[in-house]
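Read the structure below first, then the notes.
Quick note: the coordinates plus some simple rules give every number you see, no bench work behind them. Quick caveat: nothing in here was measured; it's all calculated off a predicted structure. For neighbour counting, all protein chains shown are included, and Cβ atoms are generated from backbone atoms with ideal geometry for every residue, glycine included.
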Amino acid sequence: ANAKDSTVWDTDYAAVGDGKPDFWGTFAYDSVWLFAYAMNALLRAGKSVTDGAALRQEMLNTHFEGISGDFFFDKASQDRTGALFFVMSSSVGPVYNTLGEAT
C-alpha cells in the first residue's frame with residue numbers, strides 16, 4: 001500500500017486492521033497533504049512557506065483527490081466542498097454509520 005491508499009488508515013480503534021479507514025483519520029490525513037501540496041507550490045514559486053497569507057491562498061487554490069474524497073475549497077465561502085456525509089455516532093463506542101450522502 002502506498003501512503004495515499006486508504007488501507008494504511010484501517011484500524012478504526014480496533015487492535016487489528018479490518019481494511020476500512022478510520023472515518024476521522026482520513027480527514028486529518030488529507031489535511032496534512034493539503035499543507036504539503038500548498039507548501040510545495042510556494043517553494044516551487046520561490047516564495048516562503050512562512051508567509052501565512054500566501055500559504056492560506058495556496059491552500060485555497062489546492063485541489064487533489066484525497067482518501068476522504070475530492071479535496072478543494074469554495075473560494076467564496078472558504079469551506080471545503082464536495083460530497084457531504086451525515087453520520088450518527090453510537091454512545092456505546094466509536095461506531096459510525098453513514099446515514100446519507102449528497103453532493
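Worth a mention:
- Taking Cβ atoms as reference points and 13 Å as the exclusive limit, the residues near GLU58 contribute a net charge of +3, counting Lys and Arg as +1 and Asp and Glu as -1.
- Amide hydrogen neighbours beyond the local backbone of GLY69, cut-off 5 Å, H modeled: none
- Net charge of Cβ neighbours under 14 Å - reference LYS75; Lys, Arg +1; Asp, Glu -1: -1
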